[in-house]
Amino acid sequence: LSRTGWSELSVTKMLESIEQGRNQPFDRALYALGIRNIGRTVTKALATEFGDIQNMFNRLNQIVKDVKDSMYNTPLFKDLSSIKLHTKVMGNVSKSLDIPGIGPEIIGSLVDFLEDEKNHFNVIEFWNELDIQPLEKIEVINSKIYGKTIVFTGSFIQMNRDEAKIQAEKKGAKTSNT
């Protein structure tokens with residue numbers, strides 16, 4: 001209120017906006033973390049696969065541990081440099097997950113980000129400030145638009161843009177903003 005140009009109404013609107021912004025779907029909150037190689041399409045795929053952050057942490061930790069245990073005990077991999085070994089491990093983790101469009105580089109970025117203690121702490125603090133909505137898997141049906149990429153433009157009469165995207169994705173289409 002002490003700032004020039006700010007009235008009680010401005011402050012109230014700003015605080016209401018902040019509160020509305022706390023309610024976010026998992027994929028948007030994941031994207032907001034700014035993880036290298038992880039854009040909107042990837043966060044949506046990850047959020048759909050894992051549902052929520054705790055499930056993602058748990059499953060990734062378990063798969064990485066299982067893959068590392070099996071690989072580090074294999075004589076073939078003992079002589080690899082740490083970078084090559086990391087790449088092999090992430091390749092095997094991405095195969096274990098089997099999420100379309102998610103390969104070793106993306107999994108490596110995600111695992112590296114989450115294994116950093118500072119990032120892990122920041123994610124937990126960030127998540128505690130938000131009301132994260134899990135993203136449910138969409139049951140895809142085969143249709144004429146299956147596999148096509150769709151961009152919605154203009155205004156809608158019967159539904160909003162997000163609802164239109166969900167309907168298209170249910171029919172197997174990919175949606176894009178550009």
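Cβ-Cβ distance of residue 13 and residue 166, R₀ of 25 Å, FRET efficiency by 1/(1 + (r/R0)^6): the value works out to about 0.30. P(r) tail for the chain: Cα pairs beyond 31 Å make up 33% of the total. Using a cutoff of 8 angstrom between alpha carbon atoms and counting only pairs six or more residues apart, the relative contact order for the chain works out to 24 percent. Geometric descriptor of segment 86-127, per residue, is 73 Å³ (volume of the convex hull of the Cα atoms). Scaled against the 2.2 N^0.38 Å expected of a compact globular protein of N residues, the Cα radius of gyration of segment 130-178 reads 1.25. Taking amide H as placed 1.01 Å from N in the peptide plane, residue 133 has its amide H under 5 Å from the amide H of 24, 26, each at least 5 places away in sequence or on another chain. Here's how it looks for residue 150: its modeled amide H is under 5 Å from those of 174, 175, 176, which are all 5 or more places away or on a different chain. Under the criterion of Cα pairs below 8 Å and six or more residues apart, the relative contact order for segment 116-178 equals 39 percent. Residues in segment 95-110 carry Karplus couplings, in order, of 5, 5, 6, 6, 9, x, x, 10, x, x, 5, 5, 4, x, 4, 5 Hz; the curve used is 6.51 cos²θ - 1.76 cosθ + 1.60 with θ = phi - 60°, and Gly or Pro positions show x.
Read-outs throughout are calculated quantities, based only on the coordinates presented, and are distinct from any laboratory measurement. Remember, predicted model here, so these are calculated numbers, not experimental data. Neighbour counts are summed over all protein chains in view; Cβ atoms, including those assigned to glycine, are modelled from backbone coordinates with ideal geometry.
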